[in-house]
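S.K.: Please read through the structure below; I'll follow up with questions.
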Amino acid sequence: MVSTDPMAPLLPAQRLVLFVADGLRADKAFQSFPDPSPENPAEQSDEPIRLAPFIRSKVLEEGTFGVSHTRVPTESRPGHVALIAGLYEDVSAVTTGWKMNPVNFDSVFNQSRHTWSWGSPDILPMFKEGAVPGRVDADTYGEEFEDFSVDATHLDTWVFDKVHGLFESAKTDPELDQKLREDKLVFFLHLLGLDTTGHGYRPFSKEYLHNIKVVDRGIESVTKLVQEFYADDKTAFVFTADHGMNDFGSHGDGHPDNTRTPLVVWGSGVAKPQISKAGDAPGHEDGFSSDWGFDHVQRNDVAQADVAALMAYLIGVDYPVNSVGQLPLNYIEGSPKEKASAALANARGVLEMYRVKEEQKRAAVLRYMPFEPLSGDGEMSIEGRFANLEALISNGEYEESISLSQDLLVRGLEGLRYLQTYDWLFLRNIVTLGYLGWIAYALTTVIDLHVLHGTSDSHRTVASTSFFSSVLIALYSVFFYQGSSWRYYLYGFFPVFFWEEVFARRKALAAGRAIILGHVHSFGGYVSFGVQVIVFIGVLEALVQSYFHREIFSVGFGLAAFWPSSYGFGFVRRNALLTVTWAIGCSLMSTFTLLPVTKMEDVNTLTYGGLLMFFTGLLYLLFEDNILGKSTTASKNPAAISTVGSRIIMGTQVGMVLLALVVTRSSVSFLQARQGVPFGNQIVGWTVLASSLALPFFHRLYPNSHYLHRLMVIFLTFSPTFIILTISWEGLFYFAFCMTLVTWVRLEHAIYVHMAGVYAKSSPTNNGSIEKPAPSATAKVDGETYKYRALTVSDARVALFFFFLLQSAFFSTGNIASISTFSLESVRRLIPVFNPFAQSALLLFQILIPFTIISANLGILNRRLEVASSALFMVVMSISDVMTLNFFCMVRDEGSWLDIGMTISHYCIASLMCTFVAGLEFLSEQFVSGVDFGSAATAIVDAVSDAVDSSVETAKASKPFDGEKKGKETQ
């Protein structure tokens, strides 16, 4: 390990107290607000006050302050790891619920002689488990303490009381007293109250602002306690936060409200404030701290990992292994020599990491290309540079030594990044080829299965097999020599496999092209087809941009409202009600993506959505026979007529919707009164949630096979869940979304029937007559008859519509790329105590409900359009990775953390889309099983017959005229 200051005989501080106010934003800590909790409520005033006067006094009189900038993800675990270990942990730690350690790491706590810590069971154990046994004491409260529905300040007062208890015990425990008198000690106070209060009541609430007052008073009392106990002025104090919080009580992404946290350091070894007597002090150029009242005090911003280096220096311990923090010298009170020595030790630690990792990389790759800035010889070598720095310190040239040490540390961090990204270009190319190969493979499979009906055989040659095998062997040889991760072998396998399959089935592509483009015979036809392809790709690219601009969906729905008119006035006139309903649905859907992604709890809007669901179910229940009786299917199939038992079950579902609305309004009233959710409300809420999901299975006792009945059952199944787990207008979206989907299914079928008549009318046989098709949904390929018809070019448009609706379900109620835009307020009605996995699961369940609805509708549409159940889903899977490839190319690891976090989120979502669509296909099969659609081909036959009869009548009507004309010509 590398000593922080080998030339300094005395430690800057004997001990350190670390206060971490979980979830505290930098601006809220220092801005002025009306007193949220005056001692006498009758004296409530709008006069703004400073909520943290003790912390402010340290900024103004004793210590150094700044803003600590965190990294994505702005969550408690990675924030604490950066603060205490000095490294930015891999986000794979989320799989442990941000609690336990995927890989144990070193920390300032582990380097200390002993650490006492108090706080949350979600944070403290990970530092105890990774440390030397017995070195870190972790005293935590129970998980049940983290109740979002009640006053959370008790979480902080519990910690302060425990600290007081420790020092009080030392008065009667000589062994403890002696242990507390040692050097290199750390006291860590994790204060979770602000985070819990912010999630529950938002950072601008009186509760959150009051919690800031509680924290400030608690820190003041602990500071006084420690100073009185030791009475030696050898204690350093650090006050900061792990992450911030946006105005809607969430965090996780790279929004500045989440990444900017306060940092105030005072006590032994800490520099005094730098006061500017003329004008603003340095550090305030961005205007962020303009209303803090610190304009005359120099602000010293740091990266979050720098805090670990600062704490290690202050108590004189080694920097944690793998720490990438840069020691902020502006926070240190010391001579120029001491600062120069500290900067040298900091650089030496980072360069040692670089040296070890470079040796590992050099030994692994076939031809290593060194990092140019650190690859010199002699004086320009790493050893030579350190020798030069030591000589500068010996000669008293401290400022130059500090400057060169800091520059060398930056070069070391750049070198570490160079080694980290060494294989990226190679991997990016392989992954890109893999995505392109998958898209080609998926399209080939769709053509083979759903256009040629599996009649195409693979054609492999010795040359092609040898070529692809050689490529794979070459890639695997390189991976094996370099000792690459097993993931690399998968990266290399997929592109070779996909492209080999595409090449082997190349005849399927040729045959499919001949069938799909069989209607194109002229140059104008190819131009028209090319325009359609460009529009198709343009829509996909627009969907890519919709991840950044949700308003694109509003434009898309606005254009889609006029889509039926493209089939002519006759079609619109025959389907007037359907067309109008579609236009209304699109208009409603276009409004949701214009609304803010973050919402305030509004019980009235929630009630309107719940009542719409209730009355929809009630009206269907009252007029079910009339609604289904209009259908040909219902009139010809007695099983489609509702029974008394089916009505009772559906009536129970409707009742569950009303009960969910009542219990939700009750729970909201208790939460808004800060009284917590009564246990009875929780029981009723969970009962409604579980019962509403179980009731559909009872419909099997009294089956109704009509597809509209099935869709209504599914709609009512998830309505109670959508009421309980929403906070504002999401219920209105659910109603509008379901209405639009049902209308879309009926409209697509109407267009399918309409176009069948148009094609029949315009497709005469060789002798000029028109033949009526048989009333069956079949397709003929090479003389073989298949159950489902083959896909056509128009089906790609249907798949695109589905994909558009699927994406709109993601973005209409929030920005799925940032989970922080979805509020936890609704989850507190069922799980008031903090439980990240359970609460996230409920939140995710609510987000995914619209997709169960859309999967059922597409499953029904598959049947009504007479294509195989998986056909349209496979087309969607094929085109979804076009977006994935876009987002893969957009992934960034440089720039603002907001940009980095968003690009990674977008890519992950798009990558999972293919798997997600496959899951929807399976779900749709379960939803539509047993549904009787009748013979859709009958409707097509009727349409074609009308077209044939119309053509025949026209032909007959023209014959007398032709005969008369010929007679006249003869005369």
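S.K.: Sort 184-197, 435-448, 415-428, 47-60 by packing, meaning the average of other beta carbons within 10 Å per residue, with the highest value first.
M.R.: Per-residue mean Cβ counts within 10 Å order the peptides as 184-197, 435-448, 47-60, 415-428.
S.K.: Kindly provide the GluC sites (Glu not before Pro) of the range 478-550 that DSSP labels as loop, not H, G, I, E or B, and whose Cβ sees at most 14 other Cβ atoms within 10 Å.
M.R.: none
S.K.: Taking the Cα centre as origin and putting +1 on Lys and Arg beta-carbons and -1 on Asp and Glu beta-carbons, what dipole magnitude results for the range 598-724, to the nearest 20 debye?
M.R.: Around 180 debye, computed over the range 598-724.
S.K.: Pairing the Cα long axis of helix 897-928 with the longest principal axis of the chain, what angle in degrees results, from 0 to 90 and rounded to the nearest 10?
M.R.: 40
S.K.: Do any trypsin sites (Lys or Arg not before Pro) in the range 321-404 lie in a loop, going by DSSP, with at most 10 other beta-carbon atoms within 10 Å of their beta carbon, and if so which?
M.R.: 367
S.K.: Which label marks the calculated value of percent of Cα pairs over 53 Å apart, given the options (1) 32; (2) 38; (3) 16?
M.R.: Working out percent of Cα pairs over 53 Å apart from the coordinates points to (1).
S.K.: I need the phi-derived Karplus couplings for the range 587-598: 6.51 cos²θ - 1.76 cosθ + 1.60, θ = phi - 60°, integer Hz, Gly and Pro marked x.
M.R.: The phi angles translate into 5, 5, 5, 5, 7, 5, 7, 9, 7, x, 6, 9 Hz.
S.K.: Each label point is 7 Å from the Cα along the Cα-to-Cβ direction; what then is the distance between the points at residue 915 and residue 665, in nm?
M.R.: Placing both labels 7 Å beyond Cα along the Cβ direction yields 4.2 nm.
S.K.: For the pair residue 10/residue 480, report the inter-label distance in nm, with labels modelled 7 Å from Cα in the Cβ direction.
M.R.: 6.4
S.K.: Under unit Cβ charges (Lys, Arg +1; Asp, Glu -1), what dipole magnitude, rounded to 20 debye, does the chain have relative to its Cα centre?
M.R.: 4200
S.K.: Sticking with this structure for a sec: Work out, in µm²/s and without decimals, the Stokes-Einstein translational diffusion coefficient of the range 598-724 at 10 °C, 1.306 mPa s, Rh from Kirkwood over C-alpha pairs.
M.R.: Rounded, D is 101 µm²/s.
S.K.: Quick one: angle between helix 871-890 and the longest Cα principal axis of the chain, in degrees between 0 and 90, rounded to 10, please.
M.R.: Here the helix axis deviates by roughly 30 degrees.
S.K.: Helix 603-622 against the longest principal axis of the chain: what's the angle in degrees, Cα atoms only, rounded to the nearest 10?
M.R.: 30
S.K.: Something else now. For residue 46 and residue 231 in one chain, what is 0.36 nm times their gap in residues minus the Cα-Cα distance, to one decimal in nm?
M.R.: 62.6 nm
S.K.: Right, something else. Taking +1 at the Cβ of each Lys and Arg and -1 at the Cβ of each Asp and Glu, which of 753, 719, 685 sits farthest along the dipole of the chain towards its positive end, judged by Cα position relative to the Cα centre?
M.R.: Farthest towards the positive end: 753.
S.K.: Would you mind telling me the antiparallel percentage of the DSSP bridges in the range 15-333, rounded to 5?
M.R.: For the range 15-333, the DSSP antiparallel bridge percentage is about 40.
S.K.: About the Cα centre of the range 15-333, what is the dipole size in debye to 20, counting +1 per Lys and Arg Cβ and -1 per Asp and Glu Cβ, all else neutral?
M.R.: About 720 debye.
S.K.: Another question, if that's okay. Please report the net charge: other residues with Cβ closer than 11 Å to the Cβ of residue 859, K and R +1, D and E -1.
M.R.: So the surrounding residues net to +1.
S.K.: How much net charge surrounds residue 252 when only other residues with a Cβ under 13 Å from its Cβ are counted (Lys, Arg +1; Asp, Glu -1)? If you can, show how the numbers build up before the last one.
M.R.: On the way: positive: 71, 77; negative: 75, 195, 242, 253, 257.
Residues close to residue 252 contribute a combined charge of -3.
S.K.: Take the Cα of residue 460, step 7 Å along the line toward its Cβ, and report every residue of the range 424-448 whose backbone nitrogen sits under 20 Å from that point.
M.R.: 434, 437-446, 448
S.K.: On average, how much area does the Cα convex hull of the range 15-333 cover when viewed from any direction, in nm²?
M.R.: Here the figure is 16.3 nm², rounded to one decimal.
S.K.: Describe numerically, in nm with one decimal, the distance between label points set 7 Å from Cα along Cα→Cβ at residue 595 and at residue 521.
M.R.: 5.3
S.K.: Please report the antiparallel percentage of DSSP beta bridges with both residues in the chain, rounded to the nearest 5.
M.R.: Around 45 percent antiparallel, to the nearest 5.
S.K.: Here's a follow-up. Compute for the range 307-389: radius of gyration divided by Kirkwood radius, i.e. Rg/Rh, restricted to C-alpha atoms, rounded to two decimals. Don't jump to the answer; show the numbers that get you there.
M.R.: On the way: Rg = 15.0 Å, Rh = 14.4 Å.
Value, to two decimals: 1.04.
A short reminder: the numbers here are calculations on the coordinates, not readings from a lab. It should be emphasised that the depicted structure is a prediction, and the values quoted were computed from it without experimental measurement. Don't worry about glycine lacking a Cβ; one is built from the backbone with ideal geometry, like all the others, and counts go over all protein chains shown.
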